[in-house]
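Take a look at the structure set out below.
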Amino acid sequence: MVLGSRATGIGDVERTLRDATGRVTGWILPPIGSANTYRKQLAAGRADERRLLISDLAQGSDKSCRESLELARTTLPGTSGATRSVVLVSSPDQIGFWRDLLAGQDTAAGDDDAVVVLRRYDRRGLRDWTQQHNVYETEERLTRLAAVTGGWPILLDKVLELRHAHQDQDSALEKLEKWLTTKENVQEFIDAVGLEPTATAGEHELIRRCYEAVVGELGVEWNLEADCVTAAELAGLSPEDAPWALACLESLQALDRQGPRLRVEPVLHQALGILSAQD
């Protein structure tokens, strides 16, 4: 399972996997255009054939995600010697399904790699990104890039777009900073993250309340995860809901982790503050 949002590049998962795996001799990646095709491809295959099935469920329902995962576990190739792997891609639109996975209720026993979360670029990843695009390669510019974008892939794409338009990398960051000060643009960014700051029901409400509790009780600096759980429980979340809501916030990349400590991600937090101030 791959969990991610538009802000962390979920739309690039299938293309990236096809590009990477397609260069490896012996792998076959059949197209999956429908649920019926998916079921047929799970059972298909020839002896000594290695197949990768990629099913993008980002626009589907919690139910369709659960059904697809169950089919992947139980429907095996009918030919002896055939091998197949499955990648299912899920977005925050299926947050109930995320809860199953992150709470360990829907993960096969012993399958530690069953869930992969798309993440923001860290400092090392950002350095590789700057070298790939030949921009922001000095330490000073790299630091500023990290501060303005937070390593969010969607904002890094915006930087490249602005640089192309203005032909100047420093000006591109200035334009992005300004872009992130208007309600319309901030709302676009937050929607892409998958966070619903005004949610009043269901799992999204629990996530919102957890985030507000951490900020309200502990602030925006680093705090022990156990203290974050306590803050969420003080805000009314149950002992079962609080750890899950934190795990989901971390999966949405709304929280940074440093060992046992957590903090709210600064760029997103600033955007949420702008949105709240302008309501």
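The values are calculated or read from the model by the stated rules, or taken from the named source; none is laboratory data. Fair warning: this is a prediction, and the values are worked out from it, not measured in the lab. Glycine also receives a Cβ, built like all others from the backbone with ideal geometry; neighbour counts cover every protein chain displayed. Heavy atoms of the whole protein, side chains included, go into the accessibility calculation; ligands, DNA and RNA do not. Shrake-Rupley method; radii C 1.70, N 1.55, O 1.52, S 1.80 Å.
Per DSSP helix of 4 or more residues, -39500 (n - 2.57); summed, then divided by the residues of the chain. What does that give at 222 nm, rounded to the nearest 500? Mind dumping the intermediate values first?
Details: 13 runs with 149 residues, N = 279.
Theoretical 222 nm ellipticity from helices: -16500 deg cm²/dmol.
Between the alpha-carbon centres of the stretch 228-259 and the stretch 19-42 there is a gap of 36 Å. For a straight C-alpha distance cut-off of 30 angstrom, the lysines reachable from LYS158 (same-chain residues fewer than eight places away being disregarded) are LYS175, LYS178, LYS183. Every pair of different Cα atoms in the chain enters the Kirkwood calculation, which places the hydrodynamic radius at 20.5 Å. Out of every Cα-Cα pair that the stretch 1-104 contains, those further apart than 17 angstrom amount to 53 percent.
Springs between Cα atoms under 10 Å define the GNM used for the chain, and in it the highest mean-square fluctuation of GLU139, GLU217, GLU203 occurs at GLU139. Between ASN185 and LEU224, the C-beta separation translates, for a Förster distance of 41 Å, into a calculated FRET efficiency of about 0.75. Taking a ≥ b ≥ c as the square roots of the eigenvalues of the Cα gyration tensor, an a/c ratio of 1.5 or more together with a/b larger than b/c marks the stretch 153-275 as prolate. Between PRO266, PRO30, PRO153, the residue with the greatest mean-square fluctuation in the GNM of the chain (Cα pairs under 10 Å linked by springs) is PRO30.
Measuring with a 1.4 Å probe in the full set of protein chains, what accessible area per residue, in whole Å², belongs to the chain?
On the way: 14220 Å² over 279 residues.
I get 51 Å² per residue for the chain.
Between GLN132 and HIS166, the FRET efficiency from the beta-carbon distance, with R0 = 22 Å, is close to 0.65.
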